[in-house]
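A.B. asks: I'd like to ask you about the structure that follows.
FYI, it's all coordinate maths here, none of it is from the lab. Since we're looking at a predicted model, the values are computed, not measured. Don't worry about glycine lacking a Cβ; one is built from the backbone with ideal geometry, like all the others, and counts go over all protein chains shown.
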Amino acid sequence: MISNLRYWFLIGLVILVYIGGMFVTLMENDSAQFAVMAMRMVQENDFLNLFKGPNEYLDKPHVHYWLAALSYKIFGIHDWAYRIPGILATLLGAFSSYGLGKILYNKQTGKLAALIFMTAQTIMLGAIDVRTDAVLTGFTIFAIWQLVTYIENGSLRAILLGALGAGIAFSTKGQIALLVIGLPILCHVAYTRNWKVFLNWKVLAALLIFGITISPMLYAYYHQFDMHPEKVIRGKSGRSGIFFIFWEQSFERLSGEGIGKNSSDYFFFFHTFLWVFLPWTILAIAAVSTRIRNFFKQNFAKRSNTEFLTTGGIVLIFILISFAQFKLPHYLNVTIPLFSVLTASYIHGLYRDQKEKAMKRFLVGQYLIAGIVFIASALICFFVFQVNSISVYVALAVMVGIGMYFCIKGEDRFARLVTVSVCASLVLNTVLNLHFYPNLLEYQGGSSMAKVVEEQNIPVDAIYKIGQEYTWSLDFYNQQPVKITTLKDLQKKHDIWVYANEKELEQLRSSGVDWDTQYAVDHFRITRLQAKFLNPNTRHKVLKKMYLIHVY
């Protein structure tokens, strides 16, 4: 195993990379949108009603927004303050992965599981592009860990903490939390044949704690929707928030009703997994396939030092979410702790059983991944966006130097396998957080225009738009939502500012609206990168403009 000194050194570097990403501009849509929703709670002193722009929001429950609002209350309305709850939940997820790995296997597996979890690419990305999944993932794996602890030793404290974690997770994203917790737990109980754990008064106490935990969210839904059946939400009146969160939400997600459909590809999450779990993907695939093959060979007979919680949970969750008609890569985040524990146990098994040939093959694979990461990082730094910051050079040199040192250092393959993999993640995400994202977000029109507003001392309460497109980043950095008006009403207003895209600017011009001042910024939908944008020689071909004009 790697030494404690090296382990904590690597953990410290990972946390530094997380901190480096805290101060990057918020990304549209979700991060900036959720940050604005929480901002409105604080500014309007209304913590019961959720709004997405001018519309009532009936989709995800309240906890993520409450936590962000609490952070604003303590630290002020800043992008880094918005990210704090998500990062803390990620650290909880890492600690819980350690706890689960320890109780299912041993302490060494638990430690490795935490390191794998923290360096998985989608978790690294989730610490900067913070969505509800960060809180969901942290509390679902916490609940699983505590419930397994109860199953193994009957601890009242553990089952109550598990119920608390499940309640917070449910109040963050709804029924998916209970499925992600319940399916692995059922797999564990079925494999261990320990059904009697459900026939205990402690389960009733846990249900009580769960009910108490979700009650604030239920009251907020009741207050906003059940008390007002006249509200029309997504074309329907008489919407019950409580009925929605307990029943309708999951079916709307699976069918795409209400939120729309974006993919009918049943293998979407299989090929998406190839990048979301980097740099550990090869090892994870080997771990899952080996474990499934062994279970079938053994006819699922119970064996010592073997568990079915992670494998069964992963397979069932994958099957379930693959049938959803609306899919996004970050939906896989809730499975990452399970993959981390399973992969850690597989790697530790290679070390324990001294499988040198397998270790050698996997080490070659990890060197290959590290090489690809190095090439990608170099392209980002010297082609996509030229590095012009000494601090970025220093940080990159340190991370690359550490990685190269451990690549050539003569030590056992296990230590190199783990260290090189972690260093690959550190190099890539140092480049992304300190260089790529800051430069990329210069092309996000809303946040770029917010800088113009601040520099020119433009009154934020005098900014309007005539389109229905959301302006989340402009709203957040102005700390004031852009007001919506119509072209007809706009013609009656004077001494105001209008935020518009190219098409809307032409509408204003053709309608006879006059302005005396105009600012323009480049704009690109940064969450949909394409080769023409990444190539600086063709970037101008895909850039659009956003305008801010003064109507006198």
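A.B. asks: Give the Cα extents of the stretch 1-155 along the principal axes, in whole Å, largest first.
C.D. replies: Extents along the principal axes: 54, 37, 25 Å.
A.B. asks: Would you kindly derive the ³J(HN,Hα) couplings of the stretch 99-108 from the backbone phi angles with the Karplus curve 6.51 cos²θ - 1.76 cosθ + 1.60 (θ = phi - 60°), listing them in order in whole Hz, with x for Gly and Pro?
C.D. replies: The phi angles translate into x, 5, x, 5, 6, 7, 10, 6, 4, 5 Hz.
A.B. asks: Also: Quick one: of 488/544; 236/451; 451/541; 327/541; 173/355, which pairs are farther than 32 Å apart, Cα to Cα?
C.D. replies: Long pairs (Cα-Cα over 32 Å): 236/451; 173/355.
A.B. asks: Direction-averaged shadow area of the convex hull around the Cα atoms of the stretch 132-192, nm²?
C.D. replies: Averaged projected hull area, Cα only: 3.5 nm².
A.B. asks: For the ranges 29-39, 359-369, 184-194, what's the packing order if you count other beta-carbon atoms within 10 Å of each residue, average per peptide, and put the highest first?
C.D. replies: The peptides rank, most packed first, as 29-39, 184-194, 359-369.
A.B. asks: Provide, as a two-decimal number, the C-alpha radius of gyration of the chain over 2.2 N^0.38 Å, N being how many residues it has.
C.D. replies: On the way: Rg = 25.0 Å, N = 552, 2.2 N^0.38 = 24.2 Å.
Working it through for the chain, the quotient is 1.03.
A.B. asks: Continuing with this model, one more query. Which of the peptides 512-525, 111-124 is most tightly packed, and how do the rest follow, going by the mean number of other Cβ atoms within 10 Å of each residue? Could the numbers behind the result be given before it?
C.D. replies: On the way: 512-525: 14.6, 111-124: 26.4.
Answer by packing, highest mean first, reads 111-124, 512-525.
A.B. asks: List, largest first, the extents of the alpha carbons of the stretch 356-442 along their principal axes, each in whole Å.
C.D. replies: Taking the Cα atoms of the stretch 356-442, the three principal extents are 48, 19, 16 Å.
A.B. asks: I need the calculated FRET efficiency for the pair residue 223 and residue 442, taking r as the beta carbon distance and R₀ as 56 Å, to the nearest 0.05.
C.D. replies: 0.85
A.B. asks: How large is log10 of I(q)/I(0) for the stretch 79-164 at q = 0.21 Å⁻¹ when the intensity is taken from the Debye formula with one equal scatterer per alpha-carbon?
C.D. replies: Each listed q maps to, in turn, -0.92.
A.B. asks: Give the separation of the Cα centroids, the stretch 344-401 to the stretch 62-141, in Å.
C.D. replies: 23
A.B. asks: Per residue of the stretch 380-389, what does 6.51 cos²θ - 1.76 cosθ + 1.60 with θ = phi - 60° give for ³J(HN,Hα)? Whole Hz please, x for Gly and Pro, Karplus curve as stated.
C.D. replies: After applying 6.51 cos²θ - 1.76 cosθ + 1.60, I find 4, 7, 10, 10, 4, 9, 5, 6, 9, 10 Hz.
A.B. asks: Further question on the same structure: Applying a 10 Å radius around every beta-carbon, put 147-153, 500-506 in order of their mean neighbour count, most first.
C.D. replies: 147-153, 500-506
A.B. asks: Starting at the first residue of the stretch 113-118, write each ³J(HN,Hα) from the Karplus equation 6.51 cos²θ - 1.76 cosθ + 1.60 with θ = phi - 60°, in whole Hz, x for Gly and Pro.
C.D. replies: Values, residue by residue: 4, 5, 5, 4, 4, 5 Hz.
A.B. asks: For a test of understanding, tell me how many lysine pairs in the stretch 1-145 have Cα atoms under 27 Å apart, given they are 8 or more places apart or on different chains. All intermediate terms of the calculation are to be shown ahead of the outcome.
C.D. replies: Details: 52/60; 52/73; 60/73; 102/111.
Counting lysine pairs in the stretch 1-145 gives 4.
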